[in-house]
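Any read-out appearing in this document is the output of simple, stated calculations on the displayed coordinates, not a laboratory observation. The shown structure was predicted, so the numbers you read here are calculated from the model rather than taken from an experiment. As a convention, Cβ positions derive from the backbone with ideal geometry for all residues, glycine included, and neighbour counts pool all protein chains shown.
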Amino acid sequence: MGSLGLTLTLGSIFGDLFGGRHGPEAGRFKETLQLVSKHFVRADEVDAGELTADAIDHLLQSLDENSQYLPRQEARDFEIDTEQRYGGIGIEVEWSEGWVTVVAPIEGSPGELAGLLPGDRIVRIEGESMKGARYRDVVERLRGRPGSKVAFSILRPGSGREMDLEVVRRAIQVDSVRQAHMIEPGIGYLRITKFGVKTGREFRQALDELDRHGLEGLILDLRNNAGGVLRSAVEVAGEFFEPGETVVYTEGKEASAQKRYRASSPKREGDFPMAILVNKGSASASEIVAGALQDIGRAKLVGMKTFGKGSVQTIFLYDNGDAMRLTTAMYFTPAGRVIHKRGLEPDLPIAQTDEEMRKLMLQRRYLEMLGEEAFVEKYGFEPILDSQLMAALELLKAESP
């Protein structure tokens, strides 16, 4: 979530990890590489750079599910992601229990159109098992030239069912704030699909437009929003904080990791009620916004328990252009609640099955465009009620003056 223009040597990194700038463990690593080079029977077939990168990657992945080694191109791709554009199938993923797992598909992406849901595990790509495969290798194989195809299989833990998919990759341009409109007179709705560098500005503009239509209550939809840029999350939540108030804070090993992120813009006028829709695909920056506004009593959470991704990753650059993504701190809500591995509990729990979630994603995307008759003919089901959205709407009606 952060990026430091910091060039490090392998020696300094291993020294820092194991204690002491050049401790005995770092020397053991160097000695191992030398022994391999000198004695391994096929040493002439071994690329020392790749071997070193593999060793570092396995070391980082053994620390936690979010630390990883990023080859040069992947480091650049990571930066592009936060700029709200990249190429691939359009899914947010995490490493979980030995599998690369979908946190959320990006709305309108090939991944969403293929029916991917939060929790789906990528079990095979082009017929090859991904069990225990390196995170970066799985992500690299899912990405590719726009227009090219990738065949993969997913396991849906909720049903235990495997599905084979073939998806056409394309360039993904993410508009993070969508569907801002008045859902009923006085009640506004808007959806944030991802926290990119432009999200704070897009959110303010959407709220201004809703204000012009008589905003008296707001439903903020963060379902299946897997997070993104921390600064944008602070900007969004900060709209409802007094300038200088803490929106989120971090704690870590280094003094530089002890940070408080404070609201900087003037507090938005009006004390209209708010409901925030969340589910198991709401993670990271989404949880920062939801947790902050829940803490100060500014919004009620409606839906399902969130993902629980509350750790901070910093990007450290190697001198060859590769990078290391390392967990350096943990997030805490203004009231000191831990997000990581715990998630946020909704004030109003409303469950949705995977099948309901799939249908709602399809009808949100295509119902209005196709019309009901054509939609039913194409997808084989009558439009269903979004029970979480309806519950949020009734909650706001009850709290409105």
Which three semi-axes in whole Å describe the equivalent ellipsoid of region 177-399, each the square root of 5 times a Cα gyration tensor eigenvalue, listed largest first? 31, 22, 16
Working only with C-alpha atoms, what are the Rg and Dmax values of the chain, expressed in angstrom? 22.6, 79
Toy charge model, Lys and Arg Cβ at +1, Asp and Glu Cβ at -1: region 85-173 dipole around Cα centroid in debye, rounded to 20, equals 260
Subtracting the Cα-Cα distance from 0.36 nm times the residue separation, let me have the gained length for GLU45 to SER256 in nm, one decimal. 71.7 nm
Cα-derived Rg over Rh, computed across region 85-173 with Rh taken as Kirkwood radius: 0.92
Express the relative contact order of region 85-173 as a whole percentage, based on alpha carbon pairs under 8 Å and six or more residues apart in sequence. 33
Put +1 on the Cβ of each Lys and Arg and -1 on the Cβ of each Asp and Glu in the chain; which of ALA263, MET390, MET361 then has its Cα farthest toward the positive end of the dipole? ALA263
Could you tell me which of the pairs LYS131/LYS359; LYS309/LYS397; LYS267/LYS300; LYS194/LYS280; LYS194/LYS259; LYS198/LYS341 are separated by over 21 angstrom between their Cα atoms in the structure shown? LYS131/LYS359; LYS309/LYS397; LYS194/LYS259; LYS198/LYS341
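If you put +1 on each Lys and Arg Cβ and -1 on each Asp and Glu Cβ, how big is the dipole of the chain around its Cα centre, in Debye rounded to 20?
Computed charge dipole of the chain: roughly 620 debye.
Note down the relative contact order for the chain as a percent, whole number, built from C-alpha pairs under 8 angstrom at least six residues apart.
Averaging sequence separation for qualifying contacts and normalising by length gives 15 percent for the chain.
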Taking LYS30 as the anchor, which aspartates and glutamates have their alpha carbon closer than 20 Å to its alpha carbon, excluding any fewer than eight residues away along the same chain? ASP16, ASP44, GLU45, ASP47, GLU50, ASP54, ASP57, ASP319, ASP322
Any number yet on Rg/Rh for region 132-265, C-alpha, Kirkwood? 1.08
Which of ILE350, ALA335, ILE315 sits farthest toward the positive end of the charge dipole of region 306-366, with +1 on the Cβ of Lys and Arg and -1 on the Cβ of Asp and Glu? ILE350
Using Cα atoms only, what is the angle between the long axis of helix 199-212 and the major principal axis of the chain, expressed in degrees (0 to 90) to the nearest 10? 0
Helix axis angle, 24-39 relative to the chain longest principal axis, alpha carbon, degrees: 60
With a ≥ b ≥ c the root eigenvalues of the C-alpha gyration tensor of region 140-203, is it rounded (a/c under 1.5), prolate (a/b larger than b/c) or oblate? oblate
Cα to Cα, under 19 Å, and not fewer than 8 places away if on the same chain: which aspartates and glutamates meet these conditions relative to LYS305? GLU92, GLU94, ASP120, ASP221, GLU287, ASP295, GLU345, ASP347, ASP354, GLU355, GLU356, ASP386
Rounded Å value of the spacing that divides the Cα centres of region 323-353 and region 265-297: 13
Average the reciprocal distances over every distinct pair of alpha-carbons in region 260-361, invert the result, and give the Kirkwood radius in Å. 15.5
Which residue fluctuates most in the GNM of the chain (Cα springs below 10 Å): LEU293, LEU63, LEU301? LEU63
Mind checking which of PRO105, PRO266, PRO71 has the largest fluctuation in a GNM of the chain, springs on alpha carbons under 10 Å? PRO266
For the chain, take the longest principal axis of its alpha carbons; what is the angle in degrees between that and the long axis of helix 387-399, to the nearest 10 within 0 to 90? 50
